[in-house]
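The values are calculated or read from the model by the stated rules, or taken from the named source; none is laboratory data. Because the structure is a prediction, the values reported are computed rather than measured. Cβ atoms come from the backbone with ideal geometry, glycine included; neighbour counts cover every protein chain shown. All accessible areas refer to the heavy atoms of the entire protein, side chains included, with ligands and DNA or RNA removed. Shrake-Rupley method; radii C 1.70, N 1.55, O 1.52, S 1.80 Å.
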Amino acid sequence: GIIGAVALINLLLAVVALMKDIALATYLGTSQNADALLLAFFIPDTVGNNLLASAIGVAAVPVFSKLYTTGEKSRLLQCFTGIFILAFTASVFICSGLYLFKEPAVRLIGSGLSQSAIILCTRLFMLLLPTILIFPFITLGISLAQVYCRFKTAALAPVLFNVVFLSALLYGVLFRIPVSKGVYIAAISILCGVAVMAVLV
């Protein structure tokens, strides 16, 4: 049934995520490129995924569920639209602020990095900044999917993200792409993975 399918998808997620972590360690190792990539994604992931998206998920699921079970479909649509507009406005505001203060933000979280690593981290950060705009809408879509009992879709989203990221890392390893170039491919794959999740939900 649906429980078994969701359990299998989560098992697949665990396997793919582990493979992604192994590939990341194999390809980038403990280099300054790895540090720059991880730090560049730290702020967008923390702000977009862990703060904005989590807040939306906690608020949206119970509200959407109540409106759905009481048959108030028009209010559900209005509520969805209202949260969508609010999340978009907040995301644009935050992205604009981080864009304007990108160098101080990167220097703050990467205080132990060399100057060259700071420059690389800033470039990667600019590539990954749009994920802040996407993460809240993924959570909003997943929340709605859960209300409509589309649990497999909700569970599959992070699997696709990890598959896209893993594919880019394997490409770098198998074709021996220099790490200095591969780190950009990895960053772009993160952005593409988040976009794929958004398309799915």
message: Taking 0.36 nm per residue of sequence separation and subtracting the Cα-Cα distance, how much length would be gained by fully extending the chain between Thr30 and Glu72, in nm to one decimal?
response: 9.8 nm
Selection from Cys192, Ile177, Phe165, by position along the positive dipole direction of the range 69-201 (Cβ): Ile177
message: Please give the charge dipole size of the range 1-101, origin at the Cα centre, charges +1 on K and R Cβ atoms and -1 on D and E Cβ atoms. Round to the nearest 20 debye.
response: 380 debye
- prompt: Tell me, what is the per residue accessible area of the chain in Å², probe radius 1.4 Å?
  reply: 53 Å²
task: In nm, give the distance between the simple-model label positions of Ala7 and Tyr148, each being 7 Å from the Cα along the Cα-to-Cβ direction.
output: 2.7 nm
- request: Mind giving me the nanometre distance, one decimal, between the label points for Tyr99 and Lys181, set 7 Å out from Cα along Cα→Cβ?
  value: 2.9 nm
statement: Helix 54-69: inclination vs the chain longest Cα principal axis, degrees, rounded to 10, gives 20 degrees
message: If you wrap a convex hull around the alpha carbons of the range 41-170, what volume per residue comes out, as a whole number of Å³?
response: 102 Å³
- prompt: Can you give the translational diffusion coefficient of the range 105-147 in µm²/s, computed by Stokes-Einstein from the Kirkwood radius over Cα pairs at 25 °C and 0.890 mPa s?
  reply: 200 µm²/s
message: To the nearest 20 Debye, how big is the dipole of the chain about its Cα centre, given +1 on the beta carbon of each Lys and Arg and -1 on that of each Asp and Glu?
response: 260 debye
field: Theoretical ellipticity at 222 nm over the chain - DSSP helices of four or more residues, -39500 (n - 2.57) apiece, nearest 500
entry: -28500 deg cm²/dmol
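Counting alpha carbon pairs within less than 8 Å and at least 6 residues apart, what relative contact order, in whole percent, applies to the chain?
So the answer I get is 37 percent.
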- request: Round to the nearest 10 and give me the degree value, 0 to 90, for the angle of helix 179-200's Cα axis relative to the longest principal axis of the chain.
  value: 0 degrees
